[in-house]
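Every read-out reported here was derived from the displayed coordinates using simple, explicitly stated rules and does not represent laboratory data. From a predicted model like this one, the values you see are computed outputs, not experimental measurements. Counting neighbours? That spans all protein chains shown, and the Cβs are built from the backbone with ideal geometry, glycine included.
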Amino acid sequence: MTPDEYREAIASLGLTQLAAARLVGVNPRTSRKWACGEAPIAEPAARMLRLMIALKISPERATKLLGVRSHQRDPA
C-alpha cells in the first residue's frame, strides 16, 4: 500500500490518522509517517484496511469485533 492509498483508505472509512492508528494498533506518529511516506505501511494494517473496505465493515464494527478500546475521542 502506498502512502496515497493509505490516505485514501482511511478517508473512505471516515477515519482520521489518529483513529486509524488506534484501530490498527499503532502509535499515532506511525500513522502520520505512513501517510506522508516516511515509513512503509505495515502489511497487516494495509490488509485490514483493504478488507474493511471490500467487505464494507465500518470502523465502529471493526472496533467492536476486534475488542479495541478508545480511551480518547478525536477532536471535532
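General observations
- Residues (closer than 17 Å to residue 68 by Cα and in contact (Cβ under 8 Å) with a residue 40 or more places away in the chain) located in segment 15-44: 15, 16, 18, 19, 22, 23, 25
- Of the helices (runs of 4 or more DSSP H) lying entirely inside the chain, not one contains at least 3 residues that are under 9 Å from the mean Cα position of the chain (by Cα) and surrounded by fewer than 12 Cβ atoms within 10 Å (Cβ to Cβ).
- Residue check, residue 3 touching a residue at least 12 places away in the same chain (Cβ under 8 Å) and either touching a helix residue (DSSP H, G or I) at 6+ places or on another chain (Cβ under 9 Å) or of a type in the set (A, V, I, L, M, F, W, C) (or both): yes
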